[in-house]
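The values are calculated or read from the model by the stated rules, or taken from the named source; none is laboratory data. This one's a predicted model, so the numbers in the text were calculated from it and none came from an experiment. Don't worry about glycine lacking a Cβ; one is built from the backbone with ideal geometry, like all the others, and counts go over all protein chains shown. Heads up: the accessible areas ignore ligands, DNA and RNA and are worked out on the full protein's heavy atoms, side chains in. Shrake-Rupley method; radii C 1.70, N 1.55, O 1.52, S 1.80 Å.
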Amino acid sequence: VMEFTTYTVEKIRDAFGIVEGERYEFIIDFEVDEEDELFTPQGLLLRVIFAVNGDKKKIIKHEIIERGTNQVLEFDLEDDELEETLAFCGEHYPEAEQQ
């Protein structure tokens, strides 16, 4: 079970206008149970590139990063975790417009 603790969201500027819709980068601190294979004492970050094109929203890319070392871990999120992350990003991406 993932628990999101803190996060930042920034709109990615498309200077060349090559991408349809808008892109946002989320950096999300999250915690997992000590028994989880992802667990690390340093903590974990989730970097998500999130796309919005009209009413279509999707995750373009995600990386799990070990905090402290900034090492990208070779794990993918499970389907339910991806759904949870998609819902989270869908709820919070408008905050990038308010910065």
Quiz item: Tilt of helix 79-92 relative to the longest C-alpha principal axis of the chain, in degrees (0 to 90, nearest 10)?
Solution: 50
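Could you do me a favour and compute the accessible area per residue for the chain, 1.4 Å probe, result in Å²? Intermediate results must be reported in sequence, preceding the final value.
Values: 6580 Å² over 99 residues.
I get 66 Å² per residue for the chain.
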Quiz item: What percent of all Cα-Cα pairs in the chain falls in each 10 Å bin, counting up from 0?
Solution: 15, 48, 28, 8, 0
Self-check item: Exposure ranking of GLU22, GLU66, GLU37 by accessible area [1.4 Å probe, largest first]
Solution: GLU37, GLU22, GLU66
Quiz item: Nearest 20 debye, what's the magnitude of the dipole of the chain about its Cα centre given +1 on Lys and Arg Cβ and -1 on Asp and Glu Cβ?
Solution: 840
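Which length gain, in nm to one decimal place, applies between LYS11 and ILE27 when the Cα-Cα distance is subtracted from 0.36 nm times their residue separation? Present the calculation step by step, with values, prior to reporting the outcome.
Details: separation 16, 0.36 × 16 = 5.76 nm, distance 1.19 nm.
Stretched out fully, the LYS11 to ILE27 stretch lengthens by 4.6 nm.
Would you kindly state how much longer the chain becomes between GLU78 and VAL19 on full extension, computed as 0.36 nm times their sequence separation minus their alpha carbon distance, in nm to one decimal?
Details: separation 59, 0.36 × 59 = 21.24 nm, distance 2.72 nm.
Length gained, GLU78 through VAL19: 18.5 nm.
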Exercise. Considering the options PHE30, CYS89, THR5, tell which one lies farthest towards the positive end of the dipole of the chain, charges being +1 on Lys and Arg and -1 on Asp and Glu at the Cβ, about the Cα centre.
Key: CYS89
Quiz prompt | In nm, spacing of pseudo-spin labels at GLU35 and GLU3 (7 Å Cα→C-beta vector) | solution = 1.5
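Carbon and sulfur together cover what percent of the accessible area of the stretch 1-55 at a 1.4 Å probe radius?
On the way: 1620 of 3450 Å².
The C+S portion of the solvent-accessible surface of the stretch 1-55 is 47 percent.
If each residue of separation counts as 0.36 nm, what is the full-extension length gain between ILE65 and ILE49 once their alpha-carbon separation is subtracted?
Values: separation 16, 0.36 × 16 = 5.76 nm, distance 1.38 nm.
Going from the current span to full extension adds 4.4 nm.
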